[in-house]
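Let me begin by presenting the structure, written as structure tokens, before commenting on it.
The values are calculated or read from the model by the stated rules, or taken from the named source; none is laboratory data. Quick caveat, the model's predicted, so the values are computed rather than measured. Neighbour counts are summed over all protein chains in view; Cβ atoms, including those assigned to glycine, are modelled from backbone coordinates with ideal geometry. Note: accessible area is taken over every heavy atom of the protein model, side chains too, but ligands, DNA and RNA are not part of it. Shrake-Rupley method; radii C 1.70, N 1.55, O 1.52, S 1.80 Å.
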Amino acid sequence: MGNRVSREDFEWVYTDQPHADRRREILAKYPEIKSLMKPDPNLIWIVIMMVLTQLLAFYLVKDLDWKWVIFWAYAFGSCINHSMTLAIHEVSHNSAFGHSKAMWNRWFGMFANLPIGVPYSISFKRYHMDHHRYLGGDGIDVDIPTDFEGWFFCTTSRKFIWVVLQPLFYAFRPLFINPKPITYLEIINTAVQLMFDVVIYYVLGIKSLVYMLAASLLGLGLHPISGHFIAEHYMFLKGHETYSYYGPLNWLTFNVGYHNEHHDFPNIPGKNLPLVRKIAAEYYDNLPHYNSWIKVLYDFVTDDTISPYSRVKRHQKGKVELE
């Protein structure tokens, strides 16, 4: 296996908070950035159009041969559904209706969740807030792969399988790392989603339902957009924990590629993150970044010095307040 990577190569005790420190510096120098911390009403209409587009697609695939159902699930539906998960990411930060209407964002997240087929929105919001507060926090940030993932998925072939199955690991990892009591909003999210799935099945048939679920599984697995999962925080260069991506797929992903900017200013909608980089260019232009998520996926799979272990883990001190 050559230079098999181990947990010890990447696990350090970090007490620093680079994003918080940079945020303070930038706001002191460029206070006008605060004006970008406002809701993005365009997000509402974009999400509505995406949901309607998938509903149309459900209708169009209902009588196709199975091979074409799967083909369109990967070629088209996967892009929409992965993009929708990133719209839900935006909504989890209250970017649709603002912080003063937090519950409006939660209900809207459930609506955006519908074409994905699996209840996701409410649980994602709870765990994602921990990811921002305690980035890399051992036992808290469920974005960090488990020790089993790092130990087993350490060869080229196994890492390829891990990339394909990423949506399953993201779905079940919280149950092993940081399980939380189920909330009433999660129950509602689940009930609404199951009712929607049943309606799709009875009205349009099994092929439309398979198209919906396959689009999510394929779109979040071995797919160009899925490069962002690895690009964001896997340490390809020692000493750099978060990486931005400035390629064209940001158009489909609500600028999630601007990830240093996002972690520095999580209250700024994705639409405005390029302005953050433009205003505070000296803070971002010299940071290592990517221009291709496909290359990130290729490098991750083929480079035997990189594995699911390649993440900074912080051992938290003091009181931890979970979402």
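Values for this structure:
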| read-out | value |
| --- | --- |
| Rounded accessible area of PHE76 (nearest 10 Å², 1.4 Å probe) | 80 |
| Solvent exposure, largest accessible area first (probe 1.4 Å, DNA, RNA and ligands not counted), of ILE44, ILE279 | ILE279, ILE44 |
| Calculated on alpha-carbon atoms, Rg and Dmax of region 11-313 in Å | 19.1, 59 |
| P(r) weight above 14 Å for region 87-163, C-alpha pairs, percent | 68 |
| Solution diffusion estimate, µm²/s, Stokes-Einstein, region 150-309, Kirkwood Rh from C-alpha pairs, 37 °C, viscosity 0.692 mPa s | 182 |
| Computed accessible area, LEU56, all protein chains, 1.4 angstrom probe, square angstrom | 100 |
| Fluctuation leader among PHE176, PHE108, PHE58 - the chain, Gaussian network, Cα springs under 10 angstrom | PHE176 |
| Separation of alpha-carbon centers, region 121-158 and region 273-296, rounded to whole Å | 24 |
| GluC sites (Glu not before Pro) within region 189-265: DSSP coil, no more than 12 neighbouring Cβ in 10 Å | none |
| Whole-Hz couplings from phi, Karplus 6.51/-1.76/1.60, listed for region 207-216; x for Gly and Pro | 5, 5, 5, 5, 4, 4, 6, 5, 4, 6 |
| Tensor-based shape of region 93-235 (alpha-carbon gyration tensor, a/c under 1.5 rounded, otherwise prolate or oblate) | oblate |
| Ranked order, ASP264, ASP304 - accessible area, probe 1.4 Å, largest first | ASP304, ASP264 |
| Cut-off under 5 Å, modelled amide H: who pairs with GLY137 long-range | ARG314 |
| FRET efficiency, 1/(1 + (r/R0)^6) with R0 51 Å, evaluated for LYS29 and LEU165 via beta carbons | 0.70 |
| Solvent-accessible surface (1.4 angstrom probe) belonging to ASP197, in square angstrom, nearest 10 | 20 |
